[in-house]
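Reading through the structure tokens given below for one structure.
The values are calculated or read from the model by the stated rules, or taken from the named source; none is laboratory data. Since the structure is predicted, the reported quantities are computational estimates derived from the model, not experimental observations. Virtual Cβ from ideal backbone geometry, glycine too; neighbours counted across all protein chains shown. When the accessible area is computed, the model is the full protein with side chains, heavy atoms only, and any ligands, DNA or RNA have been set aside. Shrake-Rupley method; radii C 1.70, N 1.55, O 1.52, S 1.80 Å.
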Amino acid sequence: MALIVQKYGGTSVGNPERIKNVARRVAKQRAQGDQVVVVVSAMSGVTDGLIKLSKEITALPSEREMDMLLATGEQQTIALTAIALHALDVPAVSLTGAQAGIVTDGVHTKAKIRNITPQQVHQLLDAGNVVIVAGFQGETSEGQITTLGRGGSDLTAIALAAALKADLCQIFTDVDGVYTADPRLVPGARKLPEIAYDEMLELAGSGAKVMQLRSVEFAKKFDVVFEVRSSLNDNPGTLVKEETSSMEDVVVRGVSLDKNQAKVTLFGVPDQPGRAARIFRALSDATINVDMIVQNVSHDGGGRATDLSFTVDKPDLLKATHVIDGLKPGVGFKEAVADEQIAKLSIVGVGMRSHSGVAAKMFDVLAHEQVNIAMISTSEIKISVVIQLSQGEQALRALHTAFIG
Ligand code: ADP
Ligand code: ASP
Ligand code: MG
């Protein structure tokens with residue numbers, strides 16, 4: 001008898017028929033004698049709809065109240081999934097994140113899991129139930145409801161698989177696995193049979209929303225091998241696991257496009273020690289994640305001022321501009337300009353460690369497409385550039401053709 005954690009995302013539970021489909025799949029697995037823990041997302045569109053409702057009331061709602069609101073999305077789905085299993089005569093019990101023992105820190109809307117004490121899950125499984133856990137949510141040790149960041153049901157599944165020492169963790173979604181690029185944007189993208197944690201991490205951090213970034217970090221840290229596959233067919237999926245030596249043979253495993261970033265540029269920042277520290281400390285105190293940073297000598301500063309650009313997630317832009325406005329008198333920059341019309345384009349592969357000329361080729365391809373590069377950042381296994389949003393998809397396809405075929 002194996003213990004299996006299965007996660008079903010928003011599209012996979014998007015309507016009553018889909019929920020019944022999930023129930024049938026789970027029932028089949030259980031009929032093979034396995035214990036099954038099911039993690040579900042909110043039905044597709046529900047989380048976005050709740051966010052939209054709140055924004056119709058105010059632009060910057062309280063983050064505690066947003067967690068209270070957003071956690072309701074997953075609670076609908078757990079109950080509906082349990083009801084669908086009952087209709088198949090399968091004993092099933094739904095649990096909120098808190099009831100499943102998921103304890104987080106208090107950073108509302110992007111809380112981190114501190115620990116998991118899944119006694120109730122074990123008891124219910126031992127009593128013969130399928131246990132259905134609400135993804136994306138937890139509770140602080142003081143009993144406050146929190147959420148784990150967008151796409152956070154992936155993290156719930158992987159963290160539960162680690163805590164329960166599950167034999168298998170499966171992420172069911174609306175594509176057959178992890179592809180060389182988002183198959184919705186690149187028709188020629190190919191499904192990968194396997195991918196290294198580090199590659200999946202870089203892709204997830206570069207806009208490939210097929211897996212939430214933090215869930216992959218967690219999987220790597222706790223050695224949770226997991227499979228990404230479709231909830232709508234039985235095709236084999238993609239195994240995400242530790243790197244093997246043969247993986248280095250491929251230079252670029254995947255390309256990705258992140259349209260969810262915005263750029264802020266501060267013009268005329270005094271070129272003195274401590275200014276950057278003040279800016280990024282204030283952003284960090286406001287729990288805003290900064291991704292890329294570029295600093296240039298300012299044109300009009302005569303070398304005594306710099307221009308500083310950085311990127312943040314689009315939903316954090318308003319909060320970031322508030323923080324930056326508050327810093328203007330103290331830091332003494334001239335002007336702050338926000339640009340939402342950008343995209344981050346990345347190529348990823350562990351083979352980049354042992355191959356040269358990859359950046360040159362990437363920039364050649366972009367030049368050929370008349371794409372201007374606004375920012376560049378690299379890691380050992382990734383090159384990212386910030387470009388104009390309107391050119392994003394065309395550039396993504398050009399890079400896929402050049403590096404993957
Ligand atoms: P779920 O609701 O199941 O969590 P998501 O919408 O979060 O599903 O993630 C699945 C989507 O990720 C796919 O529909 C696909 O458009 C997108 N995606 C982006 N990059 C990739 C990639 N490299 N491989 C597969 N899917 C990708
Ligand atoms: N419902 C949440 C979201 O839309 C979490 C998830 O789907 O994983 O971000
Ligand atoms: Mg998702």
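Brief remarks on what is shown
- In the stretch 1-102, counting only helices (runs of 4 or more DSSP H) that sit wholly within it, the ones holding 3 or more residues that are basic (Lys, Arg) span 16-31.
- Answer residue from the stretch 1-18, given it is open to solvent by 10 Å² or more (accessible area, probe 1.4 Å) and more than 22 Å from the chain's Cα centre (by Cα) and is farthest from ligand 1 (Cβ to nearest atom) among those: Met1
- Some residue of the stretch 244-256 being in a strand (DSSP E or B) and more than 24 Å from Lys7 (Cβ to Cβ): yes
- Filtered residues of the stretch 105-119 (kept if more than 19 Å from Gly73 (Cα to Cα) and either within 19 Å of the chain's Cα centre (by Cα) or buried (at least 24 other Cβ atoms within 10 Å of the Cβ) (or both)): Asp105, Val107, Lys112, Ile113, Arg114
- Yes/no for Glu63 being closer than 24 Å to His322 by Cα, open to solvent by less than 80 Å² (accessible area, probe 1.4 Å) and not small (Gly, Ala, Ser): yes
- Test: residue in the stretch 173-193 that is more than 14 Å from the chain's Cα centre (by Cα), of a type in the set (Lys, Arg) and within 9 Å of ligand 1 (Cβ to nearest atom): yes
- Selection status of Leu80, within 16 Å of ligand 2 (Cβ to nearest atom), in contact with a Pro (Cβ under 8 Å, 6 or more places away or on another chain) and of a type outside the set (Phe, Trp, Tyr): yes
- Residues of the stretch 83-103 satisfying the condition of being more than 14 Å from ligand 2 (Cβ to nearest atom) and surrounded by 23 or more Cβ atoms within 10 Å (Cβ to Cβ): Ala84, Leu85, Ala92, Ser94, Ala100
- Of residues in the stretch 241-261 being of a type in the set (Gly, Ala, Ser) and out of contact with any strand residue (DSSP E or B) (no Cβ under 6 Å at 6 or more places or on another chain), the one nearest to ligand 1 (Cβ to nearest atom): Ser246
- Filtered residue count, the stretch 253-274, keeping only those that are closer than 14 Å to Val294 by Cα and either in contact with a Phe, Trp or Tyr (Cβ under 9 Å, 6 or more places away or on another chain) or aromatic (Phe, Trp, Tyr) (or both): 7
- One residue from Gln144, Gln137 being away from ligand 1 (no atom under 12 Å from the Cβ) and more than 30 Å from Met1 (Cβ to Cβ): Gln144
- Within the stretch 266-284, none of the residues are at pLDDT 95 or above, assigned to a loop (DSSP other than H, G, I, E, B) and out of contact with any strand residue (DSSP E or B) (no Cβ under 6 Å at 6 or more places or on another chain).
- Strands (runs of 3 or more DSSP E) enclosed by the stretch 307-405 - at least 3 residues per element that are open to solvent by 40 Å² or more (accessible area, probe 1.4 Å): 335-339, 375-379
- The residue that is nearest to Val225 (Cα to Cα), counting only those in the stretch 127-168 that are among the charged types (D, E, K, R) and away from ligand 3 (no atom under 15 Å from the Cβ), is Asp167.
- Qualifying position, being within 16 Å of ligand 2 (Cβ to nearest atom) and either closer than 24 Å to Val240 by Cα or free of Cβ contacts under 8 Å to residues at least 60 places away in the same chain (or both), among Val186, Val210: Val210
- The residues of the stretch 19-57 that are open to solvent by 40 Å² or more (accessible area, probe 1.4 Å), within 16 Å of ligand 1 (Cβ to nearest atom) and in contact (Cβ under 8 Å) with a residue 40 or more places away in the chain amount to a single one, Arg25.
- Meets criteria (more than 16 Å from ligand 3 (Cβ to nearest atom) and among the hydroxyl-bearing types (Ser, Thr, Tyr)) for Thr72: yes
- Segments classed as helices (runs of 4 or more DSSP H), wholly inside the stretch 120-234, with at least 2 members that are at pLDDT 95 or above, small (Gly, Ala, Ser) and open to solvent by 10 Å² or more (accessible area, probe 1.4 Å): 153-163
- Matching residues in the stretch 365-391 - criterion: being of a type in the set (S, T, N, Q) and touching an Asp or Glu at 6+ places or on another chain (Cβ under 9 Å): Ser377, Ser379, Ser384, Gln391
- Gly254 touching a residue at least 24 places away in the same chain (Cβ under 8 Å), within 15 Å of ligand 2 (Cβ to nearest atom) and crowded, with 24+ Cβ neighbours inside 10 Å: no
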